[in-house]
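Engineer: First the structure, then my questions, so here it is.
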Amino acid sequence: MELLKNKIRQEGKVLSEEVLKVDSFLNHQIDPLLMQEIGKEFVKRFSDQNITRIITIESSGIAPATMAGMILGVPVVFARKRKSLTLTDHLYSAKVYSFTKKESNDISVSKDFISNEDTVLLIDDFLANGQAALGLIDIAKQAGATIAGVGIVIEKCFQPGGDLIRKEGVRLESLAELQSLKNGQVQFVGEENN
Ligand code: 5GP
């Protein structure tokens with residue numbers, strides 16, 4: 001998605017060979033017009049699926065997921081993160097190791113907001129090692145929901161998340177695919193380094 005790639009080129013900050021900071025439009029301040037275009041792009045890419053709910057994770061998945069939900073006219077559910085869950089009644093939960101925070105959280109979704117009658121689109125901001133997305137897949141499976149696929153705003157293709165999701169047999173659509181963050185440079189898949 002060229003609009004998104006341009007925004008990353010202009011405003012993305014390479015923090016290390018593994019971490020890209022996009023606080024000015026996705027992770028702290030939000031660019032609503034860009035989010036709207038991102039929502040449209042997700043809807044277009046999954047237009048062959050009869051999606052009934054969108055599931056994401058708090059907090060940075062909420063903006064792009066909400067835009068897609070608004071266009072489709074379906075509810076958006078965000079999995080909540082907790083250090084560890086004691087009461088798990090009426091919740092589907094999964095353990096997720098956070099790439100950026102280097103800690104484990106339980107993520108959970110109420111049984112009220114996902115069921116075996118749903119076809120769910122799972123959306124998140126970044127894909128790195130795939131733990132967040134695999135946690136959402138796990139929750140959708142526990143609920144017996146049909147998984148339309150995973151939609152990611154920025155995939156770091158040099159990390160293993162993409163392969164892990166495809167190995168689960170789940171369709172993956174990423175709107176910006178990073179090949180590398182070496183030498184402080186953002187390089188997208190399909191682009192030569194100059
Ligand atoms: P994963 O579970 O795929 O290892 O990591 C995905 C989660 O970690 C995303 O929800 C995102 O919040 C965070 N994350 C991973 N890599 C990056 C990155 O390079 N930049 C930012 N801002 N967040 C990241």
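The values are calculated or read from the model by the stated rules, or taken from the named source; none is laboratory data. Since the structure is predicted, the reported quantities are computational estimates derived from the model, not experimental observations. Cβ placement follows ideal geometry from the backbone for every residue including glycine, while neighbour counts extend to all protein chains displayed. Please note that ligands, DNA and RNA were not included when accessible areas were found on the heavy atoms of the full protein model with its side chains. Shrake-Rupley method; radii C 1.70, N 1.55, O 1.52, S 1.80 Å.
Engineer: Pull out all pairs, ordered by first then second residue, where Cβ-Cβ is under 8 Å, the residues are six or more apart or on different chains, the first lies in region 9-22 and is under 15 Å from Gln179 (Cα atoms), and the second is aliphatic (A, V, I, L, M) and in a helix (DSSP H, G or I).
Structural biologist: Qualifying pairs under 8 Å: Leu20/Ile8.
Engineer: Within region 159-175, identify whether any single residue is free of Cβ contacts under 8 Å to residues at least 60 places away in the same chain, among the hydroxyl-bearing types (Ser, Thr, Tyr) and surrounded by 20 or more Cβ atoms within 10 Å (Cβ to Cβ), and answer yes or no.
Structural biologist: Yes.
Engineer: Would you be able to tell me the number of residues in region 28-75 that are open to solvent by 50 Å² or more (accessible area, probe 1.4 Å), in contact with a Lys or Arg (Cβ under 8 Å, 6 or more places away or on another chain) and not in a helix (DSSP H, G or I)?
Structural biologist: So the answer is 2.
Engineer: OK, next. How many residues are in contact (Cβ under 8 Å) with a residue 24 or more places away in the chain, open to solvent by 30 Å² or more (accessible area, probe 1.4 Å) and not small (Gly, Ala, Ser) if we restrict to region 140-157?
Structural biologist: Residues that pass the stated criteria total 4.
Engineer: Please state which one of Ile137, Ile123 is within 11 Å of the ligand (Cβ to nearest atom) and open to solvent by less than 70 Å² (accessible area, probe 1.4 Å).
Structural biologist: Details: Ile137 fails: within 11 Å of the ligand (Cβ to nearest atom).
The conditions single out Ile123.
Engineer: Where residues in region 100-120 are within 11 Å of the ligand (Cβ to nearest atom) and open to solvent by less than 40 Å² (accessible area, probe 1.4 Å), which of them is nearest to Gln142 (Cα to Cα)?
Structural biologist: The residue in question is Ile107.
Engineer: Quick check on my filter: what residues within region 120-150 are in contact with a helix residue (DSSP H, G or I) (Cβ under 9 Å, 6 or more places away or on another chain), over 14 Å from Tyr92 (Cα atoms) and of a type in the set (Gly, Ala, Ser)?
Structural biologist: Ala128, Gly130, Ala132, Ala133, Gly149
Engineer: Within the set of pairs 6 or more residues apart or between chains, which connect a residue that is more than 21 Å from Pro64 (Cβ to Cβ) and at pLDDT 95 or above inside region 176-192 to a residue that is surrounded by 14 or more Cβ atoms within 10 Å (Cβ to Cβ) and of a type in the set (Ser, Thr, Tyr) with Cβ atoms less than 6 Å apart?
Structural biologist: Qualifying pairs under 6 Å: Gln187/Ser180.
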